[in-house]
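The values are calculated or read from the model by the stated rules, or taken from the named source; none is laboratory data. Predicted model, so just to flag it, every value in this text is computed and none were measured. Ideal geometry is used to build each Cβ from the backbone, glycine not excepted, and the neighbour counts take in all protein chains shown. Side chains are part of the model used for accessible areas, which takes the heavy atoms of the whole protein and leaves out ligands, DNA and RNA. Shrake-Rupley method; radii C 1.70, N 1.55, O 1.52, S 1.80 Å.
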Amino acid sequence: MSGVKARSWIKVKEFVGLPKRDDFEIVEKELPALKDGEFLVEALWNTVDPYMRSNELSNKLGSPMPGGQVAKVTQSKDKNFAVGDVVLGPFGWTSHSICDGPASLMKIIKLDPTIPLPQSTALGILGMPGATSYFGLLDICKPIKEGETLLVNAAAGAVGSAVGQIGKIKGMRVVGFAGSDEKVAYLKSLGFDAAYNYKTIPSLEAAIKESCPNGVDAFFDNVGGDFFDTVLRQMNTFGRVSVCGAISQYNALEPRKGIDVSSITLIVKQLKIEGFIVTRWLDQWQGAFKEMAQWIQEGKLKYRETVFEGFDSMYDAFVSLFKGDNIGKVVVKI
Ligand SMILES: NC(=O)C1=CN([C@@H]2O[C@H](COP(=O)(O)OP(=O)(O)OC[C@H]3O[C@@H](n4cnc5c(N)ncnc54)[C@H](OP(=O)(O)O)[C@@H]3O)[C@@H](O)[C@H]2O)C=CC1
Ligand SMILES: O=C(O)CCC[C@H](O)\C=C/C=C/C=C/C(=O)C/C=C\CCCCCO
């Protein structure tokens, strides 16, 4: 069997600035017949995530773009995977893939049919970004006392919107910054105590002083650059900073050289500043998803998705992340 043609988005040029359409080519290739122990999947949902911008973290030139995918088994010679099963796997920006099951290096998880949420959530709130929010907040920002102030930026995105809500669940006072008035309204609808459009406020420093009169105890940073420095200067003693992302720098032609905050400030305030990669907690992701699914069912945790339609829209979906066009998780319905 097989006789299937797979289409893949191949990265053909290193990114310089915002990725361009001609940094990619869509290539079609006929897949071979399945061998024993293999199965064929067809993409249902693809994801685009900011880390794919990295020339270092993404696949090599000439290879398909990386990434998680929710896919349907359409042919199988593996007794563990039947036609019709839906799986989550690292298949990248590809329409069809041949897999040789969990025994191979690929991580292929059968989706849990007892969690009654859309399949696309395995790429968002109950996937890598959701785990990022959960562990980046709870393990690094460590909510300690009821009423502590948490500040999060890119707050209306996949990671940020869950960070703020988990902060509220843990009894924090939550302040969010995002790039449009529509996003600010969304954050308020999620229960954020204060929210600002950082593109239109006259001064970020003044907005922090106004919304965090007792200072900032915990800072979840998705943006980096000047934003990072400005918040760092307003942290309280024993403040915790979760350095999750630096999206303001990913397309910069000349990234900033370093942090523009005196080390004396860090010493005197005894700040704890920790970067992380979410796979650090990979063995704990499933436990987090169970708890988050419960919060969703109880109405305590809400999520949104910005859906692009069709395999050909992968590029538009990807660059939307850097233009701030999305609310919540960007996914592509194939
Ligand atoms: N450390 C880890 O393991 C992980 C880190 N991350 C990081 O988390 C962050 C959020 O990711 P994710 O939730 O998937 O993406 P989002 O859904 O938040 O989308 C990206 C958002 O970033 C904001 N943004 C884009 N460019 C800029 C800029 N120049 N300055 C300020 N804001 C900008 C935009 O929102 P706005 O309109 O508000 O500007 C945009 O909507 C990223 O930095 C990502 O790299 C994600 C997963 C794992
Ligand atoms: O969905 C899955 O299960 C697959 C997840 C794979 C993924 O590799 C896991 C972790 C992702 C980490 C993301 C990190 C960041 O976004 C922030 C760190 C670095 C981004 C550097 C971008 C540089 C741009 O020039």
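Summary table
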quantity: Hits in the stretch 61-76 - residues which are assigned to a strand (DSSP E or B), among the polar types (S, T, N, Q) and within 16 Å of ligand 2 (Cβ to nearest atom); calculated: Gln69
quantity: Qualifying residues in the stretch 99-138 (those that are open to solvent by 10 Å² or more (accessible area, probe 1.4 Å) and small (Gly, Ala, Ser)) - the one nearest to ligand 2 (Cβ to nearest atom); calculated: Ala122
quantity: Any strands (runs of 3 or more DSSP E) falling wholly within the stretch 224-334 and containing at least 2 residues that are open to solvent by 40 Å² or more (accessible area, probe 1.4 Å); calculated: 235-243, 272-275, 305-309
quantity: First in the stretch 1-29 and over 16 Å from Gly62 (Cβ atoms) and open to solvent by 90 Å² or more (accessible area, probe 1.4 Å), second anywhere and part of a loop (DSSP other than H, G, I, E, B) and modelled with pLDDT of 95 or more, Cβ under 6 Å, 6 or more apart; calculated: Met1/Ala33; Met1/Leu34
quantity: Candidate set from the stretch 58-80 (those that are out of contact with any Ser or Thr (no Cβ under 9 Å at 6 or more places or on another chain) and more than 21 Å from Lys5 (Cβ to Cβ)); member that is surrounded by the fewest Cβ atoms within 10 Å (Cβ to Cβ); calculated: Lys60
quantity: Count of the stretch 185-217 residues which are touching an Asp or Glu at 6+ places or on another chain (Cβ under 6 Å) and under 19 Å from Leu137 (Cβ atoms); calculated: 1
quantity: Subset of the stretch 35-60 (residues that are of a type in the set (Ser, Thr, Tyr) and within 7 Å of ligand 2 (Cβ to nearest atom)); calculated: Thr47, Tyr51, Ser54
quantity: Pair list, Cβ < 9 Å and 6+ apart or interchain, from the stretch 315-334 residues that are polar (S, T, N, Q) to residues that are near ligand 1 (Cβ under 7 Å from one of its atoms); calculated: Ser320/Asn326; Ser320/Val330; Asn326/Ala156; Asn326/Gly157; Asn326/Ala158
quantity: Filter result for Glu42 (open to solvent by 50 Å² or more (accessible area, probe 1.4 Å) and over 19 Å from Gly101 (Cα atoms)); calculated: no
quantity: Residues being touching a strand residue (DSSP E or B) at 6+ places or on another chain (Cβ under 9 Å), surrounded by fewer than 22 Cβ atoms within 10 Å (Cβ to Cβ) and assigned to a helix (DSSP H, G or I) - total across the stretch 202-223; calculated: 4
quantity: Test: Lys183 is open to solvent by 20 Å² or more (accessible area, probe 1.4 Å), in a helix (DSSP H, G or I) and in contact with a strand residue (DSSP E or B) (Cβ under 6 Å, 6 or more places away or on another chain); calculated: no
quantity: Among (1) of a type in the set (S, T, N, Q); (2) touching a Lys or Arg at 6+ places or on another chain (Cβ under 6 Å); (3) open to solvent by 30 Å² or more (accessible area, probe 1.4 Å) - the single one Ser95 does not satisfy; calculated: (3)
